[in-house]
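The values are calculated or read from the model by the stated rules, or taken from the named source; none is laboratory data. This structure is a prediction, so every number in the text was calculated from the model and none was measured. Positions of Cβ are generated from backbone atoms using ideal geometry, with glycine treated the same way; all protein chains shown enter the neighbour counts.
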Amino acid sequence: MEYKDYYQTLGVAKTATEDEIKKAYRKLVRKYHPDVSKEANAQHMTQELNEAYGVLGEAEKRAAYDELGRGHQYRAGQEFRPPPDWGAGFGGAGAGAAGAGAGGAAGSDFFADLFAHLGGRRRGGFQSPTRGEDSHASVVIDLADSYHGATRTIKLRIPENDGYGRVVTRERTLDVNIPKGVTAGQQLRLSGQGQSGGAGPGDLYLELQFSSDPRYRVEGRDVFATVPVAPWELALGQEIDAATPSGKVTVTLPAGSQSGRKLRLKGRGIPGNPAGDLYLLLELVLPPASSARAKELYETMAREMAFNPRAGG
């Protein structure tokens, strides 16, 4: 029987990507579809295209086919006899081939003889095209993105099958929608963005992490923010503006508050059902005694207040 050049059938180069092969197949199968084509050989060409895509459209079978073509220098029309060692790495000899590609057209003698040597994996025919593997990656976002939602452009290095049975790492750029209310460790599923496969690509799972920000600490949906305050703000009680991931808020400090006090703002944490809470941790900051007047004020306080923070300790 004659060797078939499936790349020639689809009109693509041997270095064609999976997408290029798929596009070429779809274009030609539309052209020669028996229901619409006026070509006399439409039925035959459809079967040839289905057979070629049944091999080149699935990474494992394409890699095996390419290995045979490289190792034994077969050309289209050349007499084909599988070498004695052919298929040794694929489970040995098996039964004849099943239908090829879309439409279920029967494979040619070449197709059957070629993939009988791959059929040992599944008795009664070659292995059906498999879905590509899922990919996983981590993405760092700002805490504010969780409050408002966002669209971010990210660059990832994802392992992919190069179509020759080898795994390579390629850089990909994706626009990712960050939903409102996501939490650290949550995964976003991007359907069809994983590794390619004969039965379609897998999915891409992005694990979200918040960027480091010394102003905030996150526990689940609760957010803790440290707020610097002056001594008189704590002692007398005043309204102050505090920065939060969702913007500035105005809060009233109870008179006589101490450094380390925690104010709870219910429902002002990461949005959700229910939403988390926002906790403001008050941190006393003393003004420096950097001028004569500042020193004088501290001396007056020391004399008149007679305060000893260690008394009773």
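Of note:
- Options D35, D19: the member that is at pLDDT below 85, over 15 Å from Y6 (Cβ atoms) and acidic (D, E): D35
- Only a single item in (1) surrounded by 13 or more Cβ atoms within 10 Å (Cβ to Cβ); (2) touching a strand residue (DSSP E or B) at 6+ places or on another chain (Cβ under 9 Å) is not met by R189, and it is number (1).
- Those strands (runs of 3 or more DSSP E) lying entirely in segment 216-313 with at least 2 residues farther than 21 Å from V182 by Cβ: 222-229, 239-244, 247-252, 262-265, 278-284
- Hits in segment 8-19 (condition: out of contact with any helix residue (DSSP H, G or I) (no Cβ under 6 Å at 6 or more places or on another chain), farther than 11 Å from Y53 by Cα and surrounded by 16 or more Cβ atoms within 10 Å (Cβ to Cβ)): A16
- Residue in segment 20-34 that is nearest to the chain's Cα centre (by Cα), counting only those that are among the basic types (K, R) and surrounded by fewer than 16 Cβ atoms within 10 Å (Cβ to Cβ): K23
- Residue check for E51: touching a Ser or Thr at 6+ places or on another chain (Cβ under 7 Å), crowded, with 18+ Cβ neighbours inside 10 Å and of a type in the set (D, E, K, R): yes
- Scanning segment 25-59 for residues that are over 22 Å from K14 (Cβ atoms) and in a loop (DSSP other than H, G, I, E, B) turns up Y32, H33, P34, D35, V36, S37, K38, E39, A40, N41.
- Within segment 212-239, the set of residues being of a type in the set (D, E) and surrounded by fewer than 17 Cβ atoms within 10 Å (Cβ to Cβ) comprises D213, E219, D222, E239.
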